[in-house]
1. Tell me whether region 313-323 contains one or more residues that are assigned to a helix (DSSP H, G or I), out of contact with any Asp or Glu (no Cβ under 9 Å at 6 or more places or on another chain) and under 22 Å from Val144 (Cα atoms).
2. Pairs only if they're at least six apart or on different chains, beta carbon under 8 angstrom, first in region 95-113 and surrounded by fewer than 22 Cβ atoms within 10 Å (Cβ to Cβ), second of a type in the set (Phe, Trp, Tyr) and assigned to a helix (DSSP H, G or I); list them, first residue then second.
3. Can you name the strands (runs of 3 or more DSSP E) wholly within region 1-85 that have at least 3 residues being within 18 Å of Ala152 (Cα to Cα) and touching a residue at least 12 places away in the same chain (Cβ under 8 Å)?
4. I'd like the full set of residues that are surrounded by fewer than 21 Cβ atoms within 10 Å (Cβ to Cβ) and either in contact with a Ser or Thr (Cβ under 8 Å, 6 or more places away or on another chain) or modelled with pLDDT under 95 (or both), limited to region 289-311.
5. Among the residues of region 196-216, are any at pLDDT below 95, among the hydrophobic types (A, V, I, L, M, F, W, C), surrounded by fewer than 21 Cβ atoms within 10 Å (Cβ to Cβ) and under 22 Å from the mean Cα position of the chain (by Cα)?
6. Considering Asn286, Asn276, Asn298, which residue is among the polar types (S, T, N, Q), closer than 23 Å to Ala152 by Cα and in contact (Cβ under 8 Å) with a residue 40 or more places away in the chain?
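The values are calculated or read from the model by the stated rules, or taken from the named source; none is laboratory data. The structure presented is a predicted model; accordingly, all values stated were derived computationally and were not measured. In this analysis, Cβ positions are derived from the backbone assuming ideal geometry, glycine residues included, and neighbour counts consider all displayed protein chains.
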Amino acid sequence: MRYLIFTNTPAHVHLYRNAVSRLRAAGHDVLVLGRDYGCTVDLLEWYDLPHEVYGYCDTSKWSLLARLPAHYVRAIRRARRFDPDHIFGMGAYAAHTGALLRTPVTLLIDSEVTGLDHAISTPFARSVLTPDTFGTKLCDDHHVFSGLKECAYLHPDEFSPASDARADVRERLDLAPEEPFVIVRLNAFGSHHDVGRGGFTPDRRRELIERLAAHATVLVSDEGGDMVYEGLPARPFSVHPALLHDALAEADLLVADTQTMVTEAALIGTPAVRSNSFVGEDDMGNFRELERHGLIYNEATVDAAIDRAETLLATEGTDATWRRRRDAFLADRCALTDVIVDVATALGDASAVDGLRPYEAGDSNEVSEPDRTVELTRSE
């Protein structure tokens with residue numbers, strides 16, 4: 001079989017990279033169409049995935065819109081030459097390419113921010129897969145799996161950082177063996193689904209860093225690249241993006257106004273504090289579920305996020321507590337790469353795949369409210 005996979009962001013590379021390797025090992029032909037966005041191409045090259053780049057996009061809100069026609073032309077032209085039997089992706093590129101080529105498409109979606117993107121993509125999909133925390137039925141062929149999309153690469157079957165890898169990443173980050181450190185992840189909010197959303201303002205970023213620095217070394221990962229470090233007790237988080245998860249596993253805490261990296265921290269077992277304008281009554285089900293299990297904290301205000309972060313850094317025994325919570329959470333979650341490979345061999349027939357069930361209205365996002373009483377005792 002011939003499989004075409006769209007990877008428009010770094011997270012998409014991680015989502016599919018293990019499935020690509022297994023499909024190729026089974027004798028199938030696979031082509032990854034990547035968009036030059038962030039570190040997407042760096043990851044495709046690091047994992048030696050068979051790929052071609054169909055276009056460039058920066059982190060500004062209008063960059064994608066301006067380049068959209070050329071992206072479509074190049075992606076569809078290359079897809080036609082490859083002549084796939086099945087296509088995987090997350091949105092319109094994959095869906096519309098499949099429609100034009102009359103090729104079945106599977107969309108694996110985790111964003112509950114519904115609107116134009118879902119409306120113009122899901123009608124063209126053979127099947128749509130989402131986590132079972134998803135709160136909206138997207139189409140008749142909507143199936144759910146137990147877990148999160150990050151389970152494709154951070155499930156214990158796929159990821160277990162070795163001690164030598166952790167030592168290596170500390171050396172790369174110029175950190176002493178026992179030096180506590182915090183990763184601060186700042187979002188550019190440049191994606192189409194981020195319009196009207198925001199996170200830490202420049203002034204609050206500075207306050208956050210200054211207060212965290214009283215407890216640990218602060219490393220900043222700034223997606224927008226506009227953070228000014230002069231006079232701040234912090235330095236850039238500088239390591240190859242493929243080593244991010246080893247670094248995250250070694251960190252004492254993640255504080256972020258972004259989304260994916262918070263989920264990754266939870267599945268690795270690193271405490272995380274998330275604060276952005278998505279947090280609130282209409283927050284996505286996966287983040288509410290992770291908080292209910294005590295793996296992350298969603299804070300609507302920056303003040304609450306900073307206070308929460310300081311409490312976590314000043315509390316003893318968090319490593320063991322978070323490992324225990326992570327293990328409990330993942331105990332009955334699927335290894336998503338297995339599901340992706342099975343869907344591929346079934347050419348998108350999700351009903352034939354173990355580990356998937358049809359979306360049933362009302363049952364997938366009946367996520368209990370986060371237990372905010374799950375607190376730690378602050379050490380003196």
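1. no
2. His96/Tyr72; His96/Phe124; Ala99/Phe124
3. 2-7
4. Hits for region 289-311 are Arg292, Glu299, Ala300, Thr301, Val302, Asp303, Ala304.
5. Within region 196-216, none of the residues are at pLDDT below 95, among the hydrophobic types (A, V, I, L, M, F, W, C), surrounded by fewer than 21 Cβ atoms within 10 Å (Cβ to Cβ) and under 22 Å from the mean Cα position of the chain (by Cα).
6. After ruling out the rest, the residue left standing is Asn286.
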